Every structure is written in structure tokens, then in C-alpha cells.
Amino acid sequence: MAVLGTVFLLFMLDLKTLNLTRLNGLLVEPTRDLPQLELWLRAGSDHQDAENPYVQWFLLRTEIPLSIVTYQENRYWMDDPFGRRNLVLVMSLDQLLTNRGAAAPIQKASTFFYILADQDKDLSADEQLRLEGSCRQLWTQHKVYNRFFLTRDGVWIYDPFKRRDSAFGRLVRYYGSETLDKLLFRDMAGYPLRIQMFRSVYTRPEFDKETGLLTRVTGVDFLVAQMLRERLNFTMLLQQPEKKYFGERSANGSYNGAIGSIIKDGLDICLTGFFVKDYLVQQYMDFTVAVYDDELCIYVPKASRIPQSILPIFAVGYDIWLGFVLTAFACALIWLTLRVINLKLRIVSLGNQHIVGQALGIMVDTWVVWVRLNLSHLPASYAERMFIGTLCLVSVIFGAIFESSLATVYIHPLYYKDINTMQELDESGLKVVYKYSSMADDLFFSETSPLFASLNKKLSWNRDLRADVIDEVARFRNKAGVSRYTSLILESSHFTLLRKIWVVPECPKYYTISYVMPRDSPWEDAVNALLLRFLNAGLIVKWIQDEKSWVDIKMRSNILEADAESELVRVLTIGDLQLAFYVVIGGNLLAFLGFLAEHFRWKLQKKGV
């Protein structure tokens, strides 16, 4: 008897070891990355439940923190008692099929293991169909899929993409190969996903003119959507774009636009880029990985064109004008110094002129040479003559700069200084108009600096999303606007080329941009993994560069066509010579004043004699 008892004990130990090995193959992979588990045992049956082989396996799984809870199996909760926790629940099949109480989770992020304690055999065909229908209901209502059904003869899962006749969703066996987010979403078998794409920088929807319905979409975002569709194998159901675009929060706390559609479960993925920031809807919406980035910039009316009457004055910079004038006086002083030295050495004589008269003469002669005119006579000193030659060479250099600049400004117009900093924008007094609330809620933080506090007061919201703010800024010139830098480059470059608007180089905000989807979407990890692969392969960057190149080619073609139609030679008119007449008039006035001064001086000298 003792020998038989020993043999039976060894047999039971081998059987237990074999059972644990089998369970390891089924359950290790889905529990590998779980941070914690809760084991829910039925009140009144907790000792019986604890003897279940699956319960024993979880109790022996020391790598995962495990807490044990007892619950009333037939209790129905008004709300979800699980939160985002991962649970192992022991319950009967009948209770599981009710989709009520502990059998009705609504959290997509959690993982659930249901140990069917009342099953002494594998699920029958009828039980499989009933459990499948129960799972299909939960998937349709809440997109809950990460559930494992642990029976005596194996583990079952619900695959929402396998078909049962014409309906999606089927109960299949699970063999422990990998987690469900990787196993199920490798091929979605044509499952329909509601995709929304509204007009943005990289999204261009097109509509039927008669019905106003969406006909097609182009742009980088649509190329991304096509790649996702091909790789995940889903059917893309393009939704009619929201009229409120990204969405805004109403006074009653509700949202419209794409954010409102996500909250109301009206779409599965929005493949139009959102700024990654807090929209106060964290419990409803998740961002994908960042797909590209952009800056929020301020554009203002282009500075006014300099009038033709004073255009030559601005042909060169202030530094050249200042250098031209100061160098002339410095050269006159050097010439006067040479004259004084020559007088001391008796190389030249004063004759009947006073030293002050000679100084005035040198000043006048310097300016005569400086503007490239001829002197009526040369001084007797060869040193002074050589110095005059040097002045002539320097005046030629200045003259060449002036002439080339003058020839350029009459063909390519000049403008006054543009706004280049936020400080200059504030000093301009222009109000800053924006269309989307997400652009302005953190554009200028008042607490950051007094400058941003002042600019924040100048923000003005244009609620008409159809309004063309750029055109208004260009035409009325009494306001500034806020836009993404890429939008200005790709969609409004003609305003820049025509010098109607000016983009302030100092951009106040930089954002990464992502797509959005409902929080804890089942396909979130699969979409993110593919987006990262697209980014690593350089596909999204290439598509963006292709769009920019296409715009550059289009704008260059337009410029070449405009140049071909316009006159290549700029014909000057009398209006272009206004400054010359002003100079003549001014010179005549100065000559008249000089004449009066000399006349009165001659009279005073005559009276003194």
C-alpha cells in the first residue's frame, strides 16, 4: 500500500507539473507586461474558486503584484467598478453571458481573464455562439476586446475581425503566441473604420458642387491614411468633414467639430493633424505619435512702398550715406591740413586770400571732386594734386555703388522696414486675428512677460471659419493674423510673392502635430507602430517635401509667365525724376542764399573801406 501511495503521489505531481507547463504556454505572454492584477473570487465560493488550476497559476505568478477581492456574482453596478485595472474574475458562464455587473466592463485599456468555474467540459457549439454574441455586443458598444475566457480545455478569445457568415466577430481559440493587440490588428480583414479628414495644411477635401458631399481627399494626410489602410487591411469610410473643423468648446461645456465627434463616438480616427496640447478632453481623446511639427506665426501687412519722389535716398543704406558724407568732410580736413603744412613750409602762399577763405574753398573743391565734377584749377602743391587724385578714385567707387543701386530700385521697388519682432508688433498697435480657438488659448501667456500680456489683449477671435483672414490683412492693412507657418508657405505664398503680407520672423509658438482618436482605441498601438515605421523610413518627410516642391514649381511657373507677359524694360517717367527736380530747387535756394550772403559781405567791406 505504501508503494501504491508513493506512485499515486508521484503521478499527481507529474500531472500538476504538466498542467502548469501548459498554462504557462497559454498565459505567460498576455500577462508579461501587466503592471498589476486583481483576482476577484465569488463570495461564498472563494475556497472552491481557490482550488481552480487557473486561480492556482495566478497565485503562483509571483512576478506580477496580485491583490485578491471577493465580490457578489449577481450584483449589478450602475457604473464601471473596474476603472483601468487588469482583472482575473471567477464566474459562471451564465453570468458572463448576461453582460451585466462584473461581466460588463467598458474600459478598453484593461485586460480581463474570465475563469469559467462551472465548466467541467469545453464549450459546446451553442455556448460558443451565445458567448460570441455577448462579446459582439460589448465590442459594438464599447470596443472592448482584450478578454480571455479560460475553460477546462483551453483559452478562448473574441476576434472582432473574423467573420461569422456576413457579420464581423468570432470566438476563436487562443494558443498563447502573442498579446491580442499584436495578434488581432495585424490584419483587420476589411473591417470598416470611420475616418474623418477636414481641410488643413496637408489635407484637401473636394466636394460635389451640387450635393456638397465629399468626393475625394488629397494631401499628405490622405497618403498616410492610404498606407494605414493597406498595412492594417481595413475599409476606409470617409466621413463628411466637420464644418467646425477641429472643434470648440461651447458655453454649456459641449464640443463641436472633430473633438465633438470623438466624444459622441462619431468616428474612429481623425487623420488631420492636431497640435499636441491640452484640449481639456483627456478622458475622451488620445493623440497618436507625433507625425510632423510646425510653428504658429504672425503675419502682418507688408510695409508700404517707398514713394518714387524719395526713392533714390533709400537706394543705399544709411551707413553708406553716413560714410559718404563723413568721409567727404574728413578728406576736406586732410586737404586743409596739407595746405597749412605747405604754407608753413612756404611751398604755397596765401596771396590776397585769408586762411578762412582758403578753408572754405578747399571744402567746396572737395565736394566738387566728391560728386565727380571737374575742378576749374589745381593747387600749386603736387602733394595736394596727388591727394585730389585719390579723392577722384574714391568718388568713382561711391558713384558706382550709387548708380547700380539706383538702377535696381527703379526696377525692383523698395519698402519701408517691416515688423520683425514681437516688440515691434506690439508697438504697431495692430490687433491679432485668429480663427481657431486652439491657436490662441496659449499663444501669448500673460504671465510670461509684460510684452506677451500686452499682445494677449490685442487678440481678436473671428468666429467665421469661412473668412479669409489673410485676404483681409492684405487688403485692409489694419490687422494682423495667426497661422501655421507651413500653411502660409503652401497655401498663401502668392500673398508673400506679391508683397501683400509679411511673416514676422519671430514665431511665438512651436508645436508637434499628431492625429487623434478616441481614448484607448483598440487599434491605437497598431496605428502608432505603423506611423513610427513611416517616419523611420522617411515617407512622411518625403511627402511633405514633395508638396513643397510642387508649390515651388507652380509659383515659379506663374512668375515666369508673368515675366513673359510683362515688359522686360522698365521705362522711366517724369514721376521717377521728382527727386532730381527737388535737388535742383534746393540747390537754387542755397545758391540764392549764398549770393545774398556774399552781396551783404561785399557791401559791409565796401562801407568799411
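Are there trypsin sites (Lys or Arg not before Pro) in the stretch 424-464 that DSSP puts in a loop and that have at most 14 other Cβ atoms within 10 Å, and which ones?
Values: sites: Lys431, Lys435, Lys457, Lys458, Arg463; in loops: Lys435, Lys458, Arg463.
Filter output for the stretch 424-464: Arg463.
Based on the Cβ-Cβ distance from Ser428 to Gln128, what FRET efficiency comes out when R0 is 56 Å, to the nearest 0.05?
Values: r = 73 Å, r/R0 = 1.30.
With R0 = 56 Å, the Cβ-Cβ based efficiency is 0.15.
Output ³J(HN,Hα) for the stretch 310-321: one whole-Hz value per residue in order, computed from phi by the Karplus curve 6.51 cos²θ - 1.76 cosθ + 1.60 with θ = phi - 60°, and x for Gly and Pro.
Ordered by residue, 3J(HN,Hα) equals 10, 4, x, 5, 9, 5, 10, x, 4, 5, 6, 4 Hz.
Could you tell me the relative contact order of the chain? Use alpha-carbon pairs under 8 Å, at least six residues apart, and round to a whole percent.
Working: 809 pairs, mean separation 88.9, N = 609.
RCO, the chain: 15 percent.
Which number gives the lysine pairs in the stretch 13-182 that have C-alpha atoms under 19 Å apart and are eight or more places apart or on different chains?
Numbers: Lys16/Lys121; Lys108/Lys143; Lys108/Lys182; Lys143/Lys162; Lys143/Lys182; Lys162/Lys182.
Within the stretch 13-182, the lysine pair count is 6.
Near Lys554, which aspartates and glutamates are there with a Cα under 18 Å away, not counting those fewer than 8 places off in the same chain?
Glu491, Asp546, Asp563, Glu565
Please list, in chain and number order, the residues 5+ apart from Val433 or on another chain whose amide H is under 5 Å from its amide H, with Hs placed from the backbone.
Amide H to amide H, under 5 Å and 5 or more residues apart or across chains, Val433 pairs with Ser460, Ala480, Gly481, Val482.
Quick one: Karplus J couplings for the stretch 265-275, per residue in order, coefficients 6.51, -1.76, 1.60, θ = phi - 60°, nearest Hz, x for Gly and Pro?
6, x, 7, 9, 8, 9, 9, 10, x, 10, 4
Under 5 Å between amide H atoms, partner at least 5 residues away or on a different chain: which partners does Arg163 have, H built in plane at 1.01 Å?
Long-range HN contacts for Arg163: Gly169.
At a Förster distance of 56 Å, what's the computed FRET efficiency of Glu295 paired with Glu63, Cβ-Cβ distance as r, to 0.05?
Details: r = 46 Å, r/R0 = 0.83.
The value I calculate is 0.75.
With the full set of protein chains in place, find how many percent of the accessible area of the stretch 308-411 is carbon and sulfur; take the probe as 1.4 Å.
Values: 4620 of 6420 Å².
Reported share for carbon and sulfur atoms: 72 percent.
Using alpha-carbon pairs under 8 Å, 6+ residues apart, how would you state the relative contact order of the stretch 13-182 in percent? Spell out each step's value before the answer.
On the way: 261 pairs, mean separation 35.7, N = 170.
With pairs under 8 Å counted, the relative contact order is 21 percent.
Just to confirm the filter: which GluC sites (Glu not before Pro) across the stretch 187-257 are DSSP coil and have at most 11 other Cβ within 10 angstrom of their Cβ?
Working: sites: Glu206, Glu210, Glu230, Glu242, Glu248; in loops: Glu210, Glu242, Glu248.
Counting only loop positions with at most 11 other Cβ atoms within 10 Å, the GluC sites (Glu not before Pro) in the stretch 187-257 are Glu210.
Using alpha-carbon positions, what is the distance between the centroids of the stretch 536-557 and the stretch 384-414, in Å?
Centre-to-centre distance over Cα atoms comes out at 44 Å.
Please report the antiparallel percentage of DSSP beta bridges with both residues in the chain, rounded to the nearest 5. List each step's numbers first, then the result.
Working: 36 of 68 bridges.
Rounded to the nearest five, the antiparallel share is 55 percent.
Using alpha-carbon positions, what is the distance between the centroids of the stretch 20-77 and the stretch 111-154, in Å?
With the stretch 20-77 and the stretch 111-154 each reduced to a Cα centre, they are spaced 16 Å.
Would you please give the residues with an amide H less than 5 Å from that of Trp40, counting only those at least 5 places away or on a separate chain, with H modeled from the backbone geometry?
Val69, Val88, Leu89, Val90
Tell me the mean residue ellipticity at 222 nm calculated for the chain from its helices only (DSSP H runs of n ≥ 4, each -39500 (n - 2.57), averaged over every residue, nearest 500). Working shown, then result.
Working: 20 runs with 271 residues, N = 609.
-14000 deg cm²/dmol, from helical runs alone.
Counting only heavy atoms of protein chains, what accessible area per residue, in Å², does the stretch 40-154 have with a probe of 1.4 Å? List each step's numbers first, then the result.
On the way: 5300 Å² over 115 residues.
Ligands and nucleic acids excluded, the figure is 46 Å² per residue.
In the stretch 114-212, what trypsin sites (Lys or Arg not before Pro) fall in a loop by DSSP, with at most 12 other Cβ atoms inside 10 Å?
Working: sites: Lys121, Arg130, Arg136, Lys143, Arg147, Arg152, Lys162, Arg163, Arg164, Arg170, Arg173, Lys182, Arg186, Arg194, Arg199, Lys209; in loops: Lys121, Lys143, Arg152, Arg186, Arg199, Lys209.
Sites meeting the loop and neighbour criteria: Lys121, Lys209.
Rounded, prolate or oblate: pick one for the stretch 13-182, where a ≥ b ≥ c are the square roots of the eigenvalues of its C-alpha gyration tensor, a/c under 1.5 means rounded, and failing that, prolate if a/b is larger than b/c, else oblate. Don't skip to the answer; put the middle values down first.
Working: a/c = 1.38, a/b = 1.19, b/c = 1.16.
Here the stretch 13-182 falls in the rounded category.
Cβ under 15 Å from Met236's Cβ, Met236 left aside: what net charge do those residues give with Lys, Arg +1 and Asp, Glu -1?
Numbers: positive: Arg194, Arg216, Arg229, Arg231; negative: Asp221, Glu230, Asp268.
For residues surrounding Met236, the net value is +1.
Select one label from (1) 1.07; (2) 1.34; (3) 1.28: the one whose number is Rg/Rh (Cα atoms, Kirkwood Rh) as derived from the coordinates shown.
(3)
Mind checking which aspartates and glutamates have their Cα closer than 17 Å to the Cα of Lys277? Skip sequence neighbours fewer than 8 apart in that chain.
Glu248, Asp286, Asp293, Asp294, Glu295, Asp441, Asp442
Quick one: Karplus J couplings for the stretch 253-258, per residue in order, coefficients 6.51, -1.76, 1.60, θ = phi - 60°, nearest Hz, x for Gly and Pro?
My calculation for the stretch 253-258 gives x, 7, 10, 10, x, 5 Hz in order.
Give me the lysines in straight-line cross-link reach of Lys431: C-alpha distance below 24 Å, same-chain residues under 8 apart excluded.
Output for Lys431: Lys244, Lys302, Lys417, Lys457, Lys458, Lys479, Lys500, Lys509.
The values are calculated or read from the model by the stated rules, or taken from the named source; none is laboratory data. Because the structure is predicted, anything quoted here is derived from the model rather than measured. Glycine gets a Cβ as well: all are built from the backbone with ideal geometry, and neighbour counts include every protein chain shown. These accessible areas exclude ligands, DNA and RNA; they are computed on the full protein's heavy atoms, side chains included. Shrake-Rupley method; radii C 1.70, N 1.55, O 1.52, S 1.80 Å.
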